[in-house]
Amino acid sequence: MTDPRLSDLLHQIPGLKVSTDPGDLEHHGRDWTRRWRPAPLAIVWPASVDEVQAVVRWAHGAGVAIVPSGGRTGLSGGAVAAHGELVVSLDRMNRVLGFDPIDRTLTVQPGVPLETVQNAAREHGLLYPVDFAARGSCQIGGNIATNAGGIRVIRYGNTRQWVAGLKVVTGTGELLDLNRGLIKNASGYDLRHLVIGSEGTLGIVVEATLTLTSPPPPSQVMLLAVPAMDALMKVFAEARHSLRLEAFEFFTDRALRHVLAHGAQQPFEETHPFYVVTEFDAADDQAEAAALGFFELCMEEGWVVDGVISSSDAQAASLWRLREGITESLAPHKPYKNDVSVRISAVPAFMAEMEALLSEGYPHFEVVWFGHIGDGNLHINVLKPAELDNARFVEQCEHVTTLLVDTLARHGGSISAEHGIGLVKKPWLGSVRSDAEIALMRAIKAAWDPKGIMNPGKLL
Ligand code: MLT
Ligand code: ZN
């Protein structure tokens, strides 16, 4: 540890776990984007709130930039450390601190994986409902920093909805105890909600009190083969009318082909342009009859041409695998990821315009569409042709993003639905936020982090 700044850090905080091992720098300096070469100054693993405060105070004094680091499963470069930053890993702050059966809250440290939060809730007969495929690797602190969404937003909303209290260390090292688990607290600006989704640019989440809810009744999963987007919208409207939905997701045949090549089982004999995976309450015979009625109506109307309804948990899981396996199956193709949202009703027109633009301008790119269509959230993944070098590919994709931004603007959409802005979408923040909004965001950051040490270069 030859850097004199690190000797000083260790002198100030004896016992702090620090590493400059090249493997650690590589591993903790990157997220799932893999676009930037990791180059942090060092990694530190504070084990307590006091240590986090001491590290931030030291960084504030020394003018060293900090990258807060959770599971680094992000897809927008929000947790990348490529410019000599100090990575503050929350891996050691990974305990569930308490459960309150009256408040129905779980208090956790930021490094607890989402899946552990879900399991802890389940042990108390309750549900923490935010859910997505990276549940085993992502951490709750990162979920809060990005206001993570996922596959059950249609029923339960985003992470924001489930955060009743937050302890946060600001860019000056001050500890804030925000909202303290209160349901009602009409006392001015709710700073908790500023931190949620701030991508580590205001401070470090060091503790969270999460609200839990009652578990849903037993559910069923249906996989539907759909011939066209207009039909898919009709299926969605009918599903919302006749079922109590937990999830409503879609993917294209291209997406399915990648998941099948990755080992999943072919669900239908024939191929179809679009597929829907939907989960809904099926508590009793009446609910099951409603599901059957829904399916029959969709078939009669020609909105659906084939379908499977799960009859066991194992079958439900294997249907979900077709949707949840997409990201992993695309990863070897180094996809350029777009994560956009439009109003649900605008989805077919938006998709048709984008598909026309893409096939005219970029016929050599394979484009895979999937996502949370019940939230108007589409993931548009452009796969890298094997022969194209990475930099050229990203350059061309960023040109596609410019077209995408124009199309989104015409449909009133957003360039980032749930993955965040990070580094990847930063050039296009101005397409969704006005100059006045961005100026206010900068002023807020300056108030929380006057020296600009918290995850600099991300978001703003
Ligand atoms: C998903 O919905 O599967 C995730 O947002 C991940 C992705 O977009 O690849
Ligand atoms: Zn998603």
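Rule-based calculations on the coordinates, nothing more; no lab input. Because the structure is predicted, anything quoted here is derived from the model rather than measured. Note that we place each Cβ from the backbone using ideal geometry, even for glycine, and neighbour counts take in every protein chain shown.
Summary of computed values
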| item | result |
| --- | --- |
| Cut-off under 5 Å, modelled amide H: who pairs with Gly150 long-range | none |
| Under the Karplus curve 6.51 cos²θ - 1.76 cosθ + 1.60, θ = phi - 60°, whole-Hz ³J(HN,Hα) for segment 290-297, x wherever Gly or Pro sits | 4, 5, 5, x, 4, 5, 5, 4 |
| Zone residues, segment 310-348, relative to Leu260, backbone N less than 14 Å from point 7 Å out along Cα-to-Cβ | 322-323 |
| Virtual paramagnetic centre 7 Å along Cα→Cβ of Trp36, amide N under 15 Å, in segment 84-100 | 84-88 |
| Förster radius 30 Å - calculated FRET efficiency between Asp100 and Arg244 (Cβ-Cβ, nearest 0.05) | 0.60 |
| Label-point separation in nm, Ala47 to Asp177, each point 7 Å along Cα→Cβ | 2.4 nm |
| Given charges at beta-carbon only (K, R positive; D, E negative), |dipole| of the chain in Debye | 1540 debye |
| In segment 174-274, the trypsin sites (Lys or Arg not before Pro) that fall in loop regions by DSSP, at most 13 other Cβ within 10 Å | Arg180, Lys184 |
| Förster radius 30 Å - calculated FRET efficiency between Glu288 and Glu437, Cβ distance, rounded to 0.05 | 0.05 |
| Unit charges on C-beta of K, R, D, E only; dipole of segment 334-418, Debye | 120 debye |
| Spatially close lysines, pair count over the chain: Cα under 19 Å, gap of eight or more or interchain | 14 |
| 3J(HN,Hα) from dihedral phi, segment 337-348, Karplus parametrisation 6.51/-1.76/1.60, rounded to Hz, x for glycine, proline | 9, 10, 9, 10, 9, 9, 4, 4, 5, 8, 4, x |
| Shape of segment 219-327, Cα gyration tensor, a/c cut at 1.5 | oblate |
| Whole-Å distance, taken between Cα centres, linking segment 219-269 and segment 88-159 | 27 Å |
| Alpha-carbon centroids, segment 385-409 and segment 10-63: separation in whole Å | 33 Å |
| Positive-end residue of Gly430, Ile415, Gly452, charge dipole of segment 411-460 with Cβ unit charges | Gly452 |
